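Take a look at the structure set out below.
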Amino acid sequence: TRRKARRRNVVIASGLAVVLAAGVAAYASTSLTDDSGKSNKSGKDEAVDQAAPTGAPKAADPCKAKPAPGSPATATWKKEPDMSVDTSAAYAMKLDTTCGGIGIKLDAKNAPHTVNSFKFLADKGFFDHTKCHRLTTSNIYVLQCGDPKGTGSGGPGYTLPDENLKSPSLKGDVYPAGTVAMANTGQPHTGGSQFFLVYQDSKLPPQYTPFGTIDAEGMKVLKKIAAAGESSGQGDGAPNATVVIDKATVTSS
C-alpha cells in the first residue's frame, strides 16, 4: 500500500539498516550510538519484510579497481568533536572509490556540526576502506555509505543534531539528485557517520540533514553504480558494484 511504501522509505534511509549477510536478511539491532541496542519496532517488521532475498541474478560489477590495502577503522568517540570549521569557508569532500572519484561540495554554513564531524572523521581515516553497503533502486534512489562495519549498524560512537531541514532545496519533500544527506534511526538528532548519496530525485520526509552536493563527475560514478543494481532483486540491498571508499578527504579553501 501507499502507506507501507511511505514507511519503508523512512526505514531505507535509516541508520537502522537491514543487514544482508550470507544471503540472509537480518535486522540491525543497534542504532548509530555506541551504547544503545534499542531499535524502532515500527520499522523492524517493515524492514525485514522489504528486504527478503529473492535469489535474483547478480549483474556484472562495473567497478574493476581493487580496493586499496587496509582495513576499516574501529575507533569510536564518546562525544561529538569540538567545533573547528569556519562557517564562512568553502569545504569539499573527495571520496576516492573503487568505482571512481566522487567530489562533494559541503555546506558548512547551514550544516556546521555535520561538516565539522565529517572533517574530523575524514582526518582520522574513519571512512577509509569502508564499503558503501546499501543501494536502493525503488521508490527512493540512494547509495548509503559511511559505516565501517559495512552492515548498516556502525557509527562513530556519538550522534549529531539535525541541521538544514528547512533547506529550500527540499521542495515538496523531495531530495533532489546530487544531494548528500545524513542517515539516522528515524528519530530526531540520531545521525552518526552514515550518509546517503541521491542519484535520482527521491521523495522523503525532510528529516535527514542535507549537507552536500555531488559534482558532475561524481554523479557519473554514482549512476554507474546504480545502473548495476542491487543484490536482493527487490530494490533495496547491497549494491552489485563493489563500492569501497579507499580514501576520504575534507579540505577547505
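The values are calculated or read from the model by the stated rules, or taken from the named source; none is laboratory data. As the structure is a computational prediction, the values presented were derived from the model and not from experiment. We place every Cβ from the backbone using ideal geometry, glycine too, and count neighbours over all the protein chains shown. Each accessible area value is taken on the protein alone, full model and side chains, heavy atoms only, with ligands, DNA and RNA left out. Shrake-Rupley method; radii C 1.70, N 1.55, O 1.52, S 1.80 Å.
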Practice item. Determine the gain in length on full extension of the stretch ALA90-SER252; use 0.36 nm per residue of separation and subtract their C-alpha separation, reporting nm with one decimal. Key: 57.8 nm
Practice item. Amide H neighbours of ALA90 under 5 Å, at least 5 residues apart or on other chains, H built in the peptide plane: list them. Key: SER253
Revision key, fill the gap. Among segment 163-187, those whose backbone N falls under 11 Å of a label point 7 Å along Cα→Cβ from SER138 are none
Check your understanding: What full-extension length gain, to one decimal in nm, is calculated for ALA59 and LYS220 as 0.36 nm per residue of separation minus the Cα-Cα distance?
Key -> 56.1 nm
Exercise for review: Taking H placed 1.01 Å from N in the peptide plane, check which residues at least 5 places from THR97 or on another chain put their amide H under 5 Å from its amide H.
Suggested key: ILE102, ASP246
Exercise for review: Indicate the gyration tensor shape class of segment 69-187 (rounded, prolate or oblate), computed on the Cα atoms with a ≥ b ≥ c the square roots of the eigenvalues: a/c under 1.5 is rounded; otherwise a/b larger than b/c is prolate and the rest oblate.
Suggested key: rounded
Study note, to complete from the structure: One finds the C-alpha centres of segment 210-240 and segment 64-88 to be spaced, in Å, by 21
Practice item. Could you pull out every residue, at least 5 positions away or on a different chain, whose amide H is within less than 5 Å of the one on THR159? Hs are placed 1.01 Å off N in the peptide plane, and Pro or chain starts have none. Key: GLU80
Review point. What is the percent of Cα-Cα separations in segment 143-253 that go past 25 Å?
Key: 21
**Study point:** Accessible surface of segment 52-193 [probe 1.4 Å, protein heavy atoms]: carbon and sulfur percent
**Key:** 52
Revision key, fill the gap. On the accessible surface of segment 211-253, probed at 1.4 Å with all protein chains in place, carbon and sulfur together account for a percent value of 53
Review point. Accessible area per residue, 1.4 Å probe, Å², for segment 129-252: what's the number?
Key: 34
Practice item. Over 26 Å between C-alpha atoms is what I'm after, so list which of LYS94/LYS224; LYS66/LYS124; LYS220/LYS247; LYS64/LYS171; LYS64/LYS119 land there. Key: LYS64/LYS171; LYS64/LYS119
Practice item. Return the distance in nm (one decimal) between the two label points of a simple spin-label model at LYS78 and HIS189, each offset 7 Å from Cα along Cα→Cβ. Key: 1.9
